[in-house]
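Please treat every number below as a calculation from the coordinates, not as lab data. Quantities reported herein were computed from a predicted structural model and do not represent experimental measurements. With ideal geometry, Cβ positions are generated from the backbone for all residues, glycine too; neighbour counts draw on all protein chains shown.
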Ligand SMILES: Nc1nc2c(ncn2[C@@H]2O[C@H](COP(=O)(O)OP(=O)(O)OP(=O)(O)O)[C@@H](O)[C@H]2O)c(=O)[nH]1
Ligand SMILES: [Mg+2]
């Protein structure tokens, strides 16, 4: 069974994206396994609107630990893909011990997963992306492990309507990133295709 990790900085929309994928897979009452920072595992079914209200929030580090959904993917017949939503990775020294433990659980998945969806905010992607940044490290790590990694530029709905994407003019827009709005469910087709390929090819 293939395992895909949704990873990125805090508050970029990882959890909302995971819920959108679950919803688009046709699940109305999905089953979630939540591995808490201390290692305890909690399992329950959610109604999607309740999951949205409880698991998505504007505050950073809403997700602590790793939350795992089982996703039905249409490849050769229907197959189950394990989708891990994770604690936002941050090199901010001020985070508390629960967040650190959650990040450690996320890093464990980073070494074990078969594929990654790397979420960055479309508006801020280019500006924050210096060498050694968390996003640059995530990218390097996927390359080192040789696993497929799709970069998702989320919150595309917040880009100025006629404005330039930051960095386009100076050539900083990376190749391979896909513009998505998890809020509106747009740009998701590339992600679905990526998940199909993860299941079939790798
Ligand atoms: N406008 C807009 N807001 C979004 C989008 N995706 C997520 N958000 C909002 O961004 C905030 C963070 O979303 P989450 O899904 O909780 O982000 P996260 O990356 O899981 O955050 P942590 O678990 O704290 O690391 C919430 O207020 C969401 O409603 C999007 O595509 N567009
Ligand atoms: Mg989250």
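Which of rounded, prolate, oblate describes the range 1-94, given a ≥ b ≥ c as roots of the alpha-carbon gyration tensor eigenvalues and a/c under 1.5 marking rounded, otherwise prolate only if a/b is larger than b/c? It comes out prolate by the Cα gyration axes.
Contact order for the chain, expressed relative to its length and based on alpha carbon pairs under 8 Å spaced 6+ residues apart, stands at 25 percent.
Take the Cα of residue 45, step 7 Å toward its Cβ, do the same at residue 145, and the gap between the two points is 3.2 nm. Percent of Cα pairs in the chain per distance bin of 10 Å, from zero to the largest separation: 9, 37, 39, 14, 1. Neighbour counting of Cβ atoms within 10 Å sorts the residues 158, 55, fewest neighbours leading, into 158, 55. Legend: ranking of residues 149, 4 from fewest to most surrounding C-beta atoms inside 10 Å; resulting order 149, 4.
For the range 50-103, averaging the sequence separation of C-alpha pairs within contact (under 8 Å, six or more residues apart) and dividing by the residue count gives a relative contact order of 35 percent. In this simple spin-label model, placing a label point 7 Å from the Cα along the Cα-to-Cβ direction at both residue 197 and residue 97 gives a separation of 4.4 nm. The relative contact order of the range 52-158, computed from alpha carbon pairs under 8 Å that lie at least 6 residues apart in sequence, is 23 percent. Among 110-117, 23-30, the peptide with the highest mean count of other Cβ atoms within 10 Å heads the list, and the full ranking is 110-117, 23-30. In the chain, helical runs assigned H by DSSP with n ≥ 4 each contribute -39500 (n - 2.57); averaged across all residues and rounded to the nearest 500, the mean residue ellipticity at 222 nm is -9000 deg cm²/dmol.
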